[in-house]
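See below for the structure under consideration.
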Amino acid sequence: MKLVKKALKESEERFRSLVMATSDIVYRMSPDWSEMRQLQGKNFIPDTEGPKRNWLQEYIHPDDQQQVKEAIKEAIRTKSIFELEHRVIRVDGTLGWTFSRAIPMLDAEGEIYEWFGAASDITGRKQVEEELKKLNQNLESVVAERTAELEAINVELEAFNYSAAHDLRQPLNQIAIYSKIFEMHCGDKVSDECLSYIKGIYESNLRMNRLIEALLNFARLGRCEPNRQPVDLWAMANDVAMELKQNEPDRKVDFRIARGITAHVDADLLRVVLDNLLGNAWKYTSDREQAVIEFGSAETDGKPVYYVRDNGIGFDKAAADKLFAPFQRLPGAEAFRGFGIGLATVDRVIRRHGGSIWAEGEPDKGATFYFTLGDNSPSAQTA
């Protein structure tokens, strides 16, 4: 028994020394926590030592007293360590926060004969946490307000887009109609040169209509969410290739489309991607006697990377950052028809799928466009 008491005393002294070195307050409590036997450390709380003072009422904030009582009751019942953050009332009457931790001291029979604890002043940390909480609440409020403003602006922009498109198309349609009427009724009375001017007006009108439609589609892509489903990209790429060949049947183009390429994606949006990438490859290989256009995929880090490759005019690496910017066209592309938003549209579609796109190429040595589609597995979409 003497050895046990000696060991307990030594253990208590070691604990006391450790706590004194790291904590603000050291205290000793009776087994039922009714009496605070001793108080050491900083002058953080009133002198409540002894049974004559009610340390719980004088030291603990009224709103936290019930919580402290319940934590004490549970620690006594289980003979386990008491740990709790709670508010306290300082000597000067101001409010503070403390982290209190007490260990039950057990006798040879395993009964609690005393609690030995320490409390640290965490008021500074709590003040910082409260400030951060307020900042986060203010930030959330600002974000919600800005989000609502942006949504309202988007609605207004969408209405403006359709209104502008309608207002622009009306005079364009009138010009197209008058051009055709003039050609039908006056074609035999004017020179071939004048007829060519009329034809140019009509074709420019069609081009302007296509540009308006392209701009509207580009704006829509920023708002729509992909409706993912299993898609056979091999079949889709073949459909695009067939349409390109039908439009220019005299072209000699070798399409090399890999079989078995599938993805869990939005079919309509991926059609936009392949229309643009394969269409660009078709366009920029027009001066090749034997054009080659490939569509395939490979795995990188266990995920599919899709690509469209051609042997066309290529591009200068120094200008590669302009490829996916709206209305930016690379040097040398002026000879080919386009609005400068095709690749920007592709980039937007792919980013809506959680993927990315990049390109490699050299002047007169072709180009390769690589893209990913995020996690497009069916399991990832239904998780």
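FYI, it's all coordinate maths here, none of it is from the lab. Predicted model only: the values in this text are computed from it and were never measured. Note that each Cβ is placed from the backbone with ideal geometry, even for glycine, and that neighbours are counted across all protein chains shown.
Take the range 235-327, drop everything but the C-alpha atoms, weight them equally and run the Debye formula without solvent; then report log10 I(q)/I(0) at 0.17, 0.25 Å⁻¹ to two decimals.
Each listed q maps to, in turn, -0.84, -1.39.
Considering only DSSP beta bridges with both partners in the range 229-382, what is the antiparallel share in %, to the nearest 5?
80
Please order V346, V128 by the number of other Cβ within 10 Å, starting at the fewest.
V128, V346
Using Cβ counts within 10 Å as a stand-in for footprinting exposure, how do H86, H185 rank, fewest first?
H185, H86
Take R125, R259, R228, R28 and order them by how many other Cβ atoms sit within 10 Å, fewest up front.
R259, R125, R28, R228
Calculate one ³J(HN,Hα) per residue across the range 364-373 by plugging θ = phi - 60° into the Karplus curve 6.51 cos²θ - 1.76 cosθ + 1.60, and present them in order as whole Hz with x for glycine and proline.
Along the range 364-373, the couplings run 6, 10, x, 9, 10, 10, 9, 8, 10, 10 Hz.
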